[in-house]
Structures are given as C-alpha cells and as structure tokens.
C-alpha cells in the first residue's frame, strides 16, 4: 500500500506525488490494511489530492478526486 512520506498539499496530482518521492510503497498485514488503501501507484493517474496528506498516513481512495 502507499504511505505518505512527506507532506502533500491538497490539489497535488497523484503522479507527481509518486514521482517526487512524496509517497512510498509499504507492506502491512491484511487485517491492518484499510479496505480503500491505494495499492497500485498507477491508480493515481488523473487524480489529485482532495485534502492535505501528512507523513505516515495510509493513502486511501477517498483522499483523491478527479483532476
């Protein structure tokens, strides 16, 4: 799943967040992984952050909206 590595302001496009190292892939036991956790960075294409994201936060689909 994707985890926020550095602060990401609202309105940041998902591809840039991945490209600039603002997000990182991490593993977590399934029982601790939110159902709406983003697993594939490619799923962020065409999306922007709907809210500001903070380091350590699990990236979920509800944190993004269409660009």
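No value in this document is a laboratory result; all are computed from the given coordinates. The structure displayed is predicted, hence computed values, not measured ones. Note that each Cβ is placed from the backbone with ideal geometry, even for glycine, and that neighbours are counted across all protein chains shown.
Details
- Proxy reagent accessibility, fewest Cβ within 10 Å first, across 38, 59: 38, 59
- Relative contact order for the chain, counting Cα pairs under 8 Å that sit 6 or more residues apart, in percent: 47 percent
- Calculated P(r) of the range 2-66 - Cα pairs past 16 Å, %: 35 percent
- Residue order, fewest to most surrounding Cβ atoms within 10 angstrom, among 51, 58: 51, 58
- Helical contribution to [θ] at 222 nm, DSSP H n ≥ 4, -39,500 (n - 2.57), averaged over the chain, rounded to 500: -2000 deg cm²/dmol
- Note on the chain: GNM, Cα springs under 10 Å; of 12, 49, 33, the largest mean-square fluctuation is that of 33.
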